Structures are given as C-alpha cells and as structure tokens.
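Peer 1: Sending over a structure as structure tokens; questions will come in a sec.
The values are calculated or read from the model by the stated rules, or taken from the named source; none is laboratory data. Please read these numbers as outputs of a predicted model, since none were measured by experiment. FYI the Cβ positions are ideal-geometry reconstructions off the backbone, even for glycines, and counts take in every protein chain you see. What goes into the accessible areas is simple: the full protein's heavy atoms, side chains included, and nothing from ligands, DNA or RNA. Shrake-Rupley method; radii C 1.70, N 1.55, O 1.52, S 1.80 Å.
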Amino acid sequence: MDIKPVAAAGRNLNGIDYFLLWAGVAISLAEIWAGGFLAPMGFWAGFWAIILGHIIGNTFMGLGGVIGSRYGISAMVSVRPAFGIRGSNLPAVFNIIQLIGWASIMLIIGGQAGAMLGEPFGGMLAARPFWIVLIGLGTLMWALGTGSSIWKVLQTTAVIALLLVIVLMSWVSLGEFGGGAAAAKTDPMPFMIGLDLVIAMPISWMPLVADYSRFAKNSTSAFWNTWWGYFIVSSWMYLLGLMATLVTGETDPGGLILQTMGKIGFAVPALIMVVFSTITSDFPDIYSATCSMMNISQKIKANTVMWIAGLLSIAVALVFPMEQYENFLLFIGAMFMPLFGVVLTDYFLLRKGQLTLAAIDTVDGPYWYYKGVNITAAVAWAAGFVTFEIIALMKYAVGGSIPSMLVAGLSYYFISRGKV
C-alpha cells in the first residue's frame, strides 16, 4: 500500500464493486442510531431531511471521489493542489482524528448490541468490552486485507448477506414500529438542524472516498455506483432509526430493533448484523487513516500504521463517552464541509478539472505555494469553520453545513481567481 498515483493498468474496480462497497459501508448501526436523533422533527419532516440531506451529502462525497478516479490519487493527496503539499498535512491530521473517532463509535455501538444479544448466555458474551475487542480485531484484519482477491470475495459475500438481513430487519421494524411513526408526538427541531445531522454522515466519508475511487476503471461508473450504493442503504438505515425512536422513545433504536429480532427467534441474523455490519462499515476508517498518515510521512510502514490505528480505535472505544455522538457528527460537518468547499472549488471551478499529476509531490512546483502551504486556502477553510460554529453557537435555524461550505468556497474562489 502506498499513496503514489495508481496507473491505469492498476485500476481494477468496476461499478458493482463500488455499489457493494458503499452499500456495505452504509449498513451500520451507527446510521440507525443517527436516524433516531431526527425524532424531534416528526416523521415527515425527518423523512424529507433524510432524503435531501443524503442528496446533498452524497453528491459532494461523490465529487470528492471524482478527483481520485480521474487521476488515481488518494483523498489527502487530492487536497494538495488547493492547500499545498505541506498544507494538506493538517487536514490529514484532522481526518485521522475523525476516522479513529468513527471507528471507535461504531465499535461501541456494535459492542453494546453484541452484549445485549449475548446477555441470555452470560459471561464474556454479555460483556461489552469482549465484543468491542472481538469486532475491533476483525475490523483490523479486514482492513489489512483490503484489495486482495480473497478480500473482494469476503466483502461481496458479507454485503450480500447483510442486505438479506436488512430485508428481515426491515420486515420486523415495519411490523413493530411502522404503524405509529407518522402519528407520534414530537418536540419541534428546526429542519436545517436535522439536515446538518444527515449531511454529516456522507460528508464524513468525503475525506476518504478517493482512497477507493482511485482504483476505478471508469470515473463516471464509480461516481454513480458510489452515490446510489450509499444513498439507498444509508437513507433506509436512517429511516429505520427514525421510526423506532418516534414510536418508542428509545435512544438506541438499532439495539431495540436487534433485541426485537432476538426475541422472535432471529438472534443469529441479528448477530450477523452486529458483527459484519460493523466490520464492513468500519474497515475503511482504519485503511484511510493509514492513507492519511502516509500523506504526512511514509517513514513508517503502512501495515504498522494500520495496526496502530486499529488498536487505538479499540482502546478509544472502551472509554469514549457515547453521549457525545451527536456533537461528534456536528464537529465533522464543521470541519469537512468548508474544507471540501475549498477543494471542490479549486478543482472544478478554478482548474476546470485539470491537474498536473507530475507536480503532485514536487517541491517548488505549482502546488508548493509558500513553504508548501497555500495560505489562501487555509484562511478560506478557517472562515467556513468559524461560520459553522457561529451558527451553532447562536442556534440559528439555518444549519451550518451549506453556509460554511459556501463561505469557504466562495471566499477561496474570489481571492484565487486568476491566480490558479
């Protein structure tokens, strides 16, 4: 594994590979949990926030992958033309932090669900730390094998099996919670705040989508299959969580659905969901944290970095306060919406989709700027971040995602126009 541009001969992933990859990423208890956060909006407002939020978030996520698929470069390398070769290191650091955070949150949710399903058996099977460590090590092994022929077979098999489990889970959920969801009483949540909570999920993948799209045989196919694979499944996961929380008031809707499945004789499919949905949605965090670290320095071997990232995510999962999950989602939006507002503006509007690949790591080349850092990009990013935080602090009902991205992108565009 390295971050050198992937030559055309080395790009071996088809559209179906991307559909299954991102569908697998979206099959996640964390997404069901996040859907529960929208319950104060009510069913129909929550439904439209889910659809619109995924349309917006998925589109930006997919566009971030286009840079990788056209030039065979990883996500943080694709940041270099806008921020500078050294300037891309700070986004890489923040990306590592959010990826370790995501990996840990998913392990916590998987650990809680595993312990709940194991409670009738007692002992280690009823202990959350046991499941966190078990699933965490499985995730690490999955990440270490990423891209191999065996991995492709296992990934495809796991995702197809999980999609079948989702059909079963949906049948149980609609039967238990579908009827009363639309009539449930709610405490109003501003639509744009809920939209932020939805957009944050696909946006959290934007800083790593190019780590995988760089292996695409066809850029257009990679974009649309990434878009649809994630959109369909993630939207449905959110909707299941929304319905369950509206009807029951349960703050862990994913766990509630799994518990219901266990009670009616579907404990084995529920356990498959816990273990393999966590692994297929978690391994990209470990793999891409390694890609981000390789963007900063390649002195440490990739497998060593992956081991460190995997074990660190397990350690953090054992102590992370889960009540901070909603704040974590908002942090992601505040950090990465303006960041990629700059990156996408730079690539699509200023450079018209053209990069000089040979200069992507050249000192004193066109992407070196001032001592390796593009100050303009950093300032625009900061302006977008401050915009998001002010909106959140003042509790304006407009949401911070779109305004922060527009502030960052437009300020970068008008300052840099004619200079790029």
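Peer 1: Scan the stretch 160-172 and tell me whether some residue there is modelled with pLDDT of 85 or more and in contact with a Ser or Thr (Cβ under 6 Å, 6 or more places away or on another chain).
Peer 2: yes
Peer 1: I'd like to check which helices (runs of 4 or more DSSP H) are fully inside the stretch 40-107 and have at least 3 residues that are open to solvent by 10 Å² or more (accessible area, probe 1.4 Å), out of contact with any Pro (no Cβ under 9 Å at 6 or more places or on another chain) and of a type outside the set (V, I, T).
Peer 2: Ranges flagged: 43-71.
Peer 1: Taking interchain pairs and intrachain pairs at least six residues apart, which have beta carbon atoms under 7 angstrom, with the first residue in the stretch 381-405 and among the aromatic types (F, W, Y) and the second assigned to a loop (DSSP other than H, G, I, E, B)?
Peer 2: Hits for this filter: F388/G400.
Peer 1: So, in the stretch 122-147, of the ones that are open to solvent by less than 30 Å² (accessible area, probe 1.4 Å) and free of Cβ contacts under 8 Å to residues at least 40 places away in the same chain, which residue ends up farthest from V319 (Cα to Cα)?
Peer 2: Selected residue: G145.
Peer 1: Continuing with this model, one more query. So the check is Cβ under 9 Å with 6+ separation or different chains; which pairs have a first residue in the stretch 195-208 that's in a loop (DSSP other than H, G, I, E, B) and a second one that's of a type in the set (D, E, K, R) and open to solvent by less than 10 Å² (accessible area, probe 1.4 Å)?
Peer 2: L208/D285
Peer 1: Look through the stretch 216-243, keep the residues that are within 19 Å of the chain's Cα centre (by Cα) and of a type outside the set (A, V, I, L, M, F, W, C), and return whichever of them is surrounded by the fewest Cβ atoms within 10 Å (Cβ to Cβ).
Peer 2: Step by step, filter the stretch 216-243, then rank; the result is S235.
Peer 1: Any idea how many residues of the stretch 127-175 are in a loop (DSSP other than H, G, I, E, B) and either under 20 Å from L21 (Cβ atoms) or touching a strand residue (DSSP E or B) at 6+ places or on another chain (Cβ under 7 Å) (or both)?
Peer 2: The total comes to 4.
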